[in-house]
Amino acid sequence: MIKIDYLKNNTRYNPFEFEEKIYNYWVPYFKAKKGKKFFIILIAPPNITGSLHMGHTLENIILDIIARYKRLKGFNIVWFPGTDHAGIATQYVVEKELKKEGLNRFILGKEKFLERVWQWVDKYGNVILDQFKKLGLSLDWSRKKFTLDKKYVWWVEEAFIRYYKAGLIYRALRPVNWCPRCFTSLSDLEIEYKERVDKLYYIKYPLKDGGYLTIATTRPETMLGDTGVAVNPKDERYQDLIGKKVILPLINRELIVVSDLRVDPKFGTGILKVTPAHSLIDYEIGLRHDLEIVSVIDEYGKMNENAGSFKGLDYLQAREKIINELEKLNLIEKIEKINHLVPFCSRCDTELQIIPSYEWFLKMDKLAKLAIEAVKKNEVEIIPLRFKKPYFDWLKNIRDWCISRKLWWGQTIPVWFCKNCGEKSYVVDRRKPKKKCKICKKNNWQKTEEVFDTWFSSALWPFAILSTEQEKKYYPADLVSSARDILHLWITRMIFSGKYFMKKSPFKKVFIHPTVLTKEGKRMSKSLGTGIDPLDLIQKYGTDALRFGIIWQLSAHQDLRFDQVPLEQGQKFLNKIWNAYRFYVLTKEKFANQKNKKISQADRKIIKSLENTKNFVEKSIEKFELGLALKRIYKFFWNEVCDFYLESWKGETKNNLQVLDKVMIDSLKLLHPFLPHITQLIYFALGNKKPLFFEKI
RNA sequence: GGGCGGGUAGCUCAAUGGCAGAGCGUCUCGCUUACAACGAGAAGGUCAGAGGUUCGAUUCCUCUCCCGCCCACCA
C-alpha cells in the first residue's frame, strides 16, 4: 500500500488518504476461519431504520478492540454483522414517509404498504452496516444476517410452536396497552411514562340503601365500564361499606363493594371504582372477585356501544360530557389538580389506552426461572456486577409477555383461525391445516394477520442466525455487549430463549457498556438536538482519532460525558506515532552497520516497561477497562518509548538494535486494537505484507 | 414509591486505610537535525457536608444535600 520512502518523506500522517483503503484490504481477512480456539462475539443487530449514533459507535468500537486484541492472542474471531427488521419502529418510519406524501397506510392498503416497507428495506436496510465499516469494525462480511432471513423466520415459528405445544403460550382477552395510532398492543417495555398535571374528579356514587360514597378518578369516561367498587380491607373507614350495593350514575348499573389489598387507602378517598376492561389493576381485582368485563372504549380511542348515549364520542369529549351531566345531577364533589404519570407509545409518542384485546401471551414463570438460574450459576456473567440486581428484580416480578402485535410489518404468527367460528377455533401450524374445524366441521382456515413482537424474534438471535452446520458450532457466544436500556428488552429474553431451546445460555459474558452523554451530562437525543453524529466526527478527525477519543473517555463503570477534545489529542497521538516510526526507520539506517550485541541500561529499562505495559493491558482488557488500557499504552509509547528510549538513540548510542526492533514492533501490536489503520499502514511501510492482527502479542 | 451510579485540580476522569494522580487547559523556558500536531519545567485540590469506626479516613460505616439514570398496573 505504501513504501518505506513515503514514511521517511512525510512528517504528517493523513488518515483520510488511507483509512478506507486499509479497511477494504482487511475485509477478506475478517472472515471467520475454520479451526479451533474461537472467540465468538454476538453483535446487537441495529434496526433497519437506524443510522449510526454514539451508542452504536461506542459499543462496537469496544467489541472491535476486544476482537483485534483476541486475534493478536491467537484466537479465530467470529463476529457476524446483521440487522433487525424492527417491526413497530420500521412501520412507524415508513408511515412518516407516507404522511409527507399525504397518504397513510389505510389508504394504501396492507399489500401496497408492505411493498413500500420492502422498498425501504432495500434502500436503507444496509445503510447502518456500511456505516459500521467506517468505524473499522472487523466483522465477517461474508455472513450478513437479517431477522427476516428464511432460516431465521423458520426459527421464530419453531419457537412459537414449541412453546405452544409445551403449554407456555395461551390466547386471552385481556386489557393491554394499546396505541390508537399504531393500532396495536404493546408490551410493558414499550411504554414510556410521562408526568402530566391532570384533573382528579371526586364523583359521588349513590348507595342503594341511601347516602353515597365518593370515588376519585382521573378518567371519568371509564366509569361507564365500572363493574364494581373496591376498598382496602384494612381501611377502618370503610369496613361497613363492604358488601353494600352502589348505583352507578348515568348507567344505573348495580355494583357491589368488594375489598381488595391492591387498593391504596391513601389515594383520593381510598375508594376505587373497578373498571376491569380499562385498567390492569382493576382487571386483577375483577378476576379475584369475579367481576364482569365491560369495555366502553374501542381501538380508536372512541366510546363504543356499551357507552350508551356517549357512543361514538372521542374519549376526551366523552369525559367532558360526562362531567357536565354529573354536575347537573350534583354528583361532582370536587375537582383537584393532580400530577401523575401517563403512558405513551415509546415509538410514536401517542397517549395509550388500555383496552381489552385478544392477544397471545407467553407464560413467564418457568422461563424467568431459567434466566435467573443462568446468572445465579454464572453461566452468564453480567458486567458490571451491579446490573445483576435489576436483572433479578425484573424477572422475579415478571408478568406474562404479550407477544402479539396488530401491526402490518413483522413476522406473521403461525396460527390459523376458522373463518366461520373466529376466536373460538384456531390451529397453530406453519401450513394451512388439512383437518376440519371442530366446531363447524368445515375446512375454511385463514392465517391470522397478527405479527410477533419484534423482540420475540430478536430474543432468538444467538442461534437463529446460525444456519449452516459449521455455524452451529458458534453457539454459545463468548461475548455480547449492549446498552442498559435493552437489558430486559433483549439480553434477558435471549438468555431464557437460549436456555429453553438450546439448553445452554447464549453467551458467557454480557458487558453493559456506559451510556454516551453530552458533555453537560444530558442524554444524547436527536429530537432534543443534543446528539452528535459520529459520521461527522469521522469526517473531521478520521476513524482512528475517533476511536482514540471515545475510548480515552471510557471507564467500564461510569457513563461517558462526551467531549471532542480527546479526539484532537488522538490526532496528535497519531502524528506522534507516525513520526516515531519515521525516526525508527532513519535510526535503523544510521546504525545499520552497528554490531553491538550488548544490552544497554536504556534497553533493559524499556524492555521491563514493555512487559509491565503488556501485563497491565491484558488485565485491563479482560475487565473491559479499555480506557485505562489505552491510557497506559499512550503513556508508555509517548513518555517511555519516545521521550526516553528513542531519545537515547540520538547521537552516539550503546543501545541494541534488536531491542529497538522488538520495542517498536511490539508497540505497534499493542496500539493496533485501538488504532488499527495507522498501525497497519506503518506495518506495511516496514515491509510487511499481512494483516497486522495476524501477528502474535 | 423502590433501586442504581456519581459528586476528587478550571474541564473530563483515575487511584488509594498511611506524601492526593493523569490528560486537556493555564503559565514559564526552549524552533536541540522524528514530530512546535514537539520538548523541559511550574502553578493549581478543606477529595460534596456532618457524624462514627481507627493510631491514622478522600478511601470503611451511618445520615444529609445535590446531579444523573433505571424500574413500578397508584386509579
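The values are calculated or read from the model by the stated rules, or taken from the named source; none is laboratory data. Given the structure is predicted, the values throughout are model-derived calculations rather than measurements. Reconstructed Cβ throughout: ideal geometry from the backbone, glycine too, with neighbour counts over all protein chains shown. Heads up: the accessible areas ignore ligands, DNA and RNA and are worked out on the full protein's heavy atoms, side chains in. Shrake-Rupley method; radii C 1.70, N 1.55, O 1.52, S 1.80 Å.
Rounded, prolate or oblate, given the Cα gyration tensor of chain A, with a/c below 1.5 counting as rounded? Don't jump to the answer; show the numbers that get you there.
Working: a/c = 2.70, a/b = 2.21, b/c = 1.22.
Verdict is prolate for chain A.
If the cut-off is a Cα-Cα distance under 22 Å, which lysines reach A:Lys96, setting aside same-chain residues fewer than 8 apart in sequence?
List returned: A:Lys110, A:Lys112, A:Lys123, A:Lys406, A:Lys526.
Just the number, please: carbon plus sulfur as a percent of the accessible area of region A:565-697, 1.4 Å probe, no ligands or DNA/RNA counted. Mind dumping the intermediate values first?
Details: 3150 of 6040 Å².
Here carbon and sulfur together make up 52 percent of the probe-accessible area.
Across the Cα atoms of region A:124-229, what radius of gyration and what greatest pairwise Cα-Cα distance (Dmax) are found, in Å?
25.0, 78
Give me the angle, in degrees from 0 to 90, between the Cα long axis of helix A:150-165 and the longest principal axis of the Cα atoms of chain A, rounded to the nearest 10.
Helix A:150-165 sits at roughly 40 degrees to that axis.
Please report how far the C-alpha centroid of region A:164-238 lies from that of region A:239-257, rounded to the nearest whole angstrom.
Between the Cα centre of region A:164-238 and that of region A:239-257, the gap is 17 Å.
What is the percent carbon and sulfur in the accessible area of region A:1-101, measuring with a 1.4 Å probe over the protein chains and ignoring ligands?
C and S fraction of accessible area: 49 percent.
Counting other C-beta atoms within 10 Å, and keeping those with at most 14, which DSSP coil trypsin sites (Lys or Arg not before Pro) do you find in region A:273-309? Don't skip to the end; give the middle numbers.
Details: sites: A:Lys273, A:Arg288, A:Lys302; in loops: none.
Here no trypsin sites (Lys or Arg not before Pro) fit, given the DSSP loop and packing criteria.
Using a probe radius of 1.4 Å on heavy atoms only, what accessible surface per residue do you get for region A:573-618? Whole Å² is fine. Let's see the in-between values first.
Details: 2610 Å² over 46 residues.
Averaged over the residues of region A:573-618, the accessible area is 57 Å².
Under the classification rounded if a/c is under 1.5, otherwise prolate if a/b is larger than b/c and oblate if not, where does region A:609-697 fall, given a ≥ b ≥ c as square roots of the Cα gyration tensor eigenvalues?
It is oblate, given that a/c is not under 1.5 and a/b is not larger than b/c.
Taking the solvent-accessible surface of protein heavy atoms with a 1.4 Å probe, what is the per residue accessible area of region A:106-231 in Å²?
On the way: 5270 Å² over 126 residues.
Roughly 42 Å² per residue, with all protein chains present.
Would you please name the trypsin sites (Lys or Arg not before Pro) within region A:367-420 that are DSSP coil residues with at most 16 other C-beta atoms within 10 Å of their C-beta?
Numbers: sites: A:Lys369, A:Lys376, A:Lys377, A:Arg386, A:Lys388, A:Lys396, A:Arg399, A:Arg405, A:Lys406, A:Lys419; in loops: A:Lys377, A:Arg399, A:Lys406, A:Lys419.
Taking region A:367-420 and a limit of 16 other Cβ atoms within 10 Å, the loop trypsin sites (Lys or Arg not before Pro) found are A:Lys377, A:Arg399, A:Lys419.
I want the local charge near A:Lys31. Using Cβ-Cβ distances under 11 Å, sum +1 for each Lys or Arg and -1 for each Asp or Glu among the other residues. Don't jump to the answer; show the numbers that get you there.
Details: positive: A:Lys33, A:Lys34, A:Arg143; negative: A:Asp140.
Net of charged neighbours comes to +2.
Starting at the first residue of region A:37-45, write each ³J(HN,Hα) from the Karplus equation 6.51 cos²θ - 1.76 cosθ + 1.60 with θ = phi - 60°, in whole Hz, x for Gly and Pro.
6, 8, 10, 10, 10, 9, 7, 8, x
Starting from the Cα-Cα distance between A:Asp365 and A:Lys434, subtract it from 0.36 nm times their residue separation and give me the gain in nm to one decimal.
Values: separation 69, 0.36 × 69 = 24.84 nm, distance 3.39 nm.
Difference between extended and current length: 21.5 nm.
Gap in Å between the Cα centre of region A:614-655 and the Cα centre of region A:93-132?
51
Per DSSP H run of n ≥ 4, the term is -39500 (n - 2.57); total these for chain A, divide by its residue number, and report the mean residue ellipticity at 222 nm rounded to 500 deg cm²/dmol.
Details: 23 runs with 263 residues, N = 697.
For chain A, the value works out to -11500 deg cm²/dmol.
Need one number: nm distance between label points at A:Asp643 and A:His557, each 7 Å from Cα along Cα→Cβ, rounded to one decimal.
My value for the distance between the label points is 2.9 nm.
Find out how many positive minus negative residues lie around A:Trp401, taking Lys and Arg as positive, Asp and Glu as negative, among other residues whose Cβ is under 13 Å from that of A:Trp401. Please report the intermediate quantities before stating the final value.
On the way: positive: A:Arg174, A:Lys363, A:Lys366, A:Arg399, A:Arg405, A:Arg493; negative: A:Asp188, A:Glu190, A:Glu359, A:Asp365, A:Asp400, A:Asp453.
Taking every other residue near A:Trp401 into account, the sum is 0.
In square angstrom, what is the accessible area per residue of region A:625-697 with a 1.4 angstrom probe? The partial results should precede the final answer.
Working: 2620 Å² over 73 residues.
Using a 1.4 Å probe on heavy atoms only, each residue of region A:625-697 averages 36 Å².
Mind scanning A:Lys369/A:Lys389; A:Lys145/A:Lys623; A:Lys145/A:Lys165; A:Lys31/A:Lys70 and naming the pairs with a C-alpha gap bigger than 26 Å? Write out the running numbers ahead of the final one.
Numbers: A:Lys369/A:Lys389 15 Å; A:Lys145/A:Lys623 29 Å; A:Lys145/A:Lys165 28 Å; A:Lys31/A:Lys70 15 Å.
Violating the 26 Å Cα-Cα cut-off are A:Lys145/A:Lys623; A:Lys145/A:Lys165.
Which aspartates and glutamates, on any chain, are close to A:Lys509 with Cα under 12 Å apart, when same-chain ones fewer than 8 places away are left out?
Qualifying aspartates and glutamates at Cα under 12 Å: A:Glu379, A:Glu381, A:Asp478, A:Glu622.
Which three extents, in angstrom, do the Cα atoms of region A:244-308 have along their principal axes, listed largest first?
32, 24, 23
With a ≥ b ≥ c the root eigenvalues of the C-alpha gyration tensor of region A:502-592, is it rounded (a/c under 1.5), prolate (a/b larger than b/c) or oblate? Please report the intermediate quantities before stating the final value.
Values: a/c = 3.05, a/b = 1.55, b/c = 1.97.
Taking the square roots of the gyration eigenvalues as a ≥ b ≥ c, region A:502-592 is oblate.
Are there trypsin sites (Lys or Arg not before Pro) in region A:530-618 that DSSP puts in a loop and that have at most 15 other Cβ atoms within 10 Å, and which ones?
Numbers: sites: A:Lys540, A:Arg547, A:Arg561, A:Lys572, A:Lys576, A:Arg582, A:Lys588, A:Lys590, A:Lys595, A:Lys597, A:Lys598, A:Arg604, A:Lys605, A:Lys608, A:Lys614; in loops: A:Lys595, A:Lys597, A:Lys598.
Those that pass, being in a loop and sparsely packed, are A:Lys595, A:Lys597, A:Lys598.
Residue-wise, which Karplus ³J(HN,Hα) couplings in Hz belong to region A:644-658, taking 6.51 cos²θ - 1.76 cosθ + 1.60, θ = phi - 60°, and x for glycine or proline?
For region A:644-658, the Karplus-derived couplings read 9, 6, 5, 4, 6, 8, 7, x, 7, 8, 10, 6, 9, 5, 5 Hz, x marking Gly and Pro.
Over region A:396-544, what percent of the accessible surface lies on carbon and sulfur atoms, probe 1.4 Å?
Working: 3330 of 6750 Å².
Percent of accessible area from carbon and sulfur atoms in region A:396-544: 49.
Can you list the residues, at least 5 places off or on another chain, whose amide H is less than 5 Å from the amide H of A:Ile271, using H built in the peptide plane?
A:Ala216
So for chain A: antiparallel DSSP bridges make up what percent, rounded to the nearest 5? If you can, show how the numbers build up before the last one.
Numbers: 56 of 78 bridges.
Around 70 percent of the beta bridges assigned by DSSP in chain A are antiparallel ones.
Checking the table A:Lys366/A:Lys499; A:Lys244/A:Lys273; A:Lys21/A:Lys662 against a 18 Å threshold on Cα-Cα, which pairs fail?
Working: A:Lys366/A:Lys499 11 Å; A:Lys244/A:Lys273 14 Å; A:Lys21/A:Lys662 27 Å.
Check vs 18 Å cut-off fails for A:Lys21/A:Lys662.
Kindly flag which residue pairs out of A:Lys144/A:Lys377; A:Lys133/A:Lys504; A:Lys3/A:Lys576 have an alpha-carbon separation exceeding 25 Å in this structure.
Details: A:Lys144/A:Lys377 33 Å; A:Lys133/A:Lys504 32 Å; A:Lys3/A:Lys576 19 Å.
A:Lys144/A:Lys377; A:Lys133/A:Lys504, as the Cα separations exceed 25 Å there.
5 Å is the cut-off here: which amide hydrogens, built 1.01 Å from N in the peptide plane, fall below it relative to A:Phe39, excluding neighbours closer than 5 in sequence?
Under 5 Å from the amide H of A:Phe39: A:Asn76, A:Ile77, A:Val78.
Using Cα positions and a limit of under 18 Å, work out the aspartates and glutamates in reach of A:Lys472, with same-chain residues fewer than 8 apart set aside.
The reachable aspartates and glutamates, counting only those whose Cα sits under 18 Å from A:Lys472, are A:Asp140, A:Asp149, A:Glu158.
From the C-alpha gyration tensor of region A:638-686, pull out the three semi-axes of the equivalent ellipsoid (sqrt of 5λ each), sorted largest to smallest, in whole Å. The partial results should precede the final answer.
Details: eigenvalues 100, 27, 16 Å².
Semi-axes, largest first: 22, 12, 9 Å.
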